[in-house]
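One structure is given below, encoded as structure tokens.
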Amino acid sequence: MEKIINIKKRINFENIFIIYIILQPIIDIITSLCVRNVSEKLTFGIFIRTIFMLYAIVYAIFKLDKKDKWKLLIYYAFIALYCIVFLVSSYLKYGMSMIFTQIKGLIKTFYFPIILASFLMIFKEKKYLSKQKYLNIALAIYVLTIVICKILSIGYPTYPLKANVGTIGLFYAGNEISAIIAIIAPVCFLSFISQKFSIIKAIFCALTIFAMLEIGTKVSFVSVIGLIFLSLIVSIIKLIKREDKTFYKQFVSLLLIGILTFLFIGNTPSGKNIGIKQLLFNNKEITSVEKKDKKKTVNKTSTNLLSGRNNFFKANLSNFKKSSVFDKLVGIGYISPVKQVIQERKLVEIDYCDIFFCHGVFGTIVYIIPLAILIFISLKNLFTKFVINIKNYTLIFYMYSILISFGIALTAGHVFVAPAVSMFLILIILEMHTILNYKKDLENE
């Protein structure tokens, strides 16, 4: 009987949340294997993440006090009302054709604001304990999977149908995995800088950089450069202030990682795909081209850097402009008729554009409500005691992680509209919000 009672005590929101964080890479691997080997329509990840979203909604409704419960219920009602109008509109235009695509699009997009709003309310009542340790565990699974698959040559290519190189391990979407690692990698470096020197943590940081560059995306390349510079700047400040007499070990390790990265980055998949060597050493060849050819080269280069997103943006913008006033308010959705054939819409893969085009003015307003409130509160708390906050290294790394996620959403997408990625962004936001709100570092479990 005592064992049953102990088990019941352990089955609580906090422990389920922790398990869910650690299982994220496992869910992504299973999803990848199912899609590649069973059926492209078998969306295991969406199913599991939808279950957790519903669990968070139910938990929030039953556990919050009356005042906060009503605030959350009103927001849920706005989302529910919008979703009903969106789906009814889709049914009237296309019938039941590809209705599942529309539902899947709604879940993937509105996962972020629903979970964010739920968690902000839940942890307003319940003390938030840092999940830094569990974020590092999840990161370790992502990184080691890619590294081991690279060593054994069993990983899937990041770009199976393109000339670009890179490996994604056992995962499926290169953009999503690179975004996930880019968002939580700062937590790994923060742990290394803020705690006692550990050779294992130094190796883990190096492997994280290796895995990011091995994926081969532009996101990985840029985030690696930014992360190394941030880590070195913070470590130099700590050395100057002599906050830790033994910190020189961390500094030397980070400096070595930085030097090796910049020496070999041109030979990594990310460096090759961007063409870093050509950009650095072939400037003369570019400037000697005639004006007409140069213009074509620039246009081609910009299209390659954006992976064709500029063309998809023009197409979706054109469709949005041609749509009715009602569609501009509700959105043009995730399916479109092309020559009387209904097919899935090719999205821009820039999150801000996809949210606005697919869900219109009303949908976008409903979507950004919790994020807008959070940004306002965070900026207010940040500047209230700016000098103190800017000296908080933990806060700096979390802010960097959030800023780079916003940048990824703008340039590569797959952040706000991808539950696998947005879950980690929500966690970083919670960590930052707790520090700013309570004016102190998080308390670990």
Collect the residues in region 60-88 that are part of a helix (DSSP H, G or I), modelled with pLDDT under 95 and either touching an Asp or Glu at 6+ places or on another chain (Cβ under 7 Å) or not aliphatic (A, V, I, L, M) (or both), keeping them in residue-number order. 62, 63, 66, 67, 68, 69, 70, 71
Odd one out for residue 154 among (1) at pLDDT 95 or above; (2) in a loop (DSSP other than H, G, I, E, B): (1)
Quick one: which helices (runs of 4 or more DSSP H) lie wholly within region 337-445 and hold at least 2 residues that are modelled with pLDDT of 95 or more? 351-384, 393-411, 419-438
Does region 31-45 include one or more residues that are farther than 30 Å from residue 332 by Cβ and outside any helix (DSSP H, G or I)? yes
Quick check on region 105-164: of everything there that is under 29 Å from residue 58 (Cα atoms) and among the aromatic types (Phe, Trp, Tyr), which residue is surrounded by the fewest Cβ atoms within 10 Å (Cβ to Cβ)? 123
Just name the residue that is surrounded by the most Cβ atoms within 10 Å (Cβ to Cβ) out of those in region 206-228 that are over 19 Å from residue 167 (Cα atoms), of a type in the set (A, V, I, L, M, F, W, C) and touching a residue at least 12 places away in the same chain (Cβ under 8 Å). 227
From (1) closer than 20 Å to residue 418 by Cα; (2) at pLDDT below 95; (3) surrounded by 11 or more Cβ atoms within 10 Å (Cβ to Cβ), pick out the condition that doesn't hold for residue 93. (1)
Got at least one residue in region 133-147 being at pLDDT below 95 and either more than 30 Å from residue 435 (Cβ to Cβ) or outside any helix (DSSP H, G or I) (or both)? no
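The values are calculated or read from the model by the stated rules, or taken from the named source; none is laboratory data. The structure displayed is predicted, hence computed values, not measured ones. In this analysis, Cβ positions are derived from the backbone assuming ideal geometry, glycine residues included, and neighbour counts consider all displayed protein chains.
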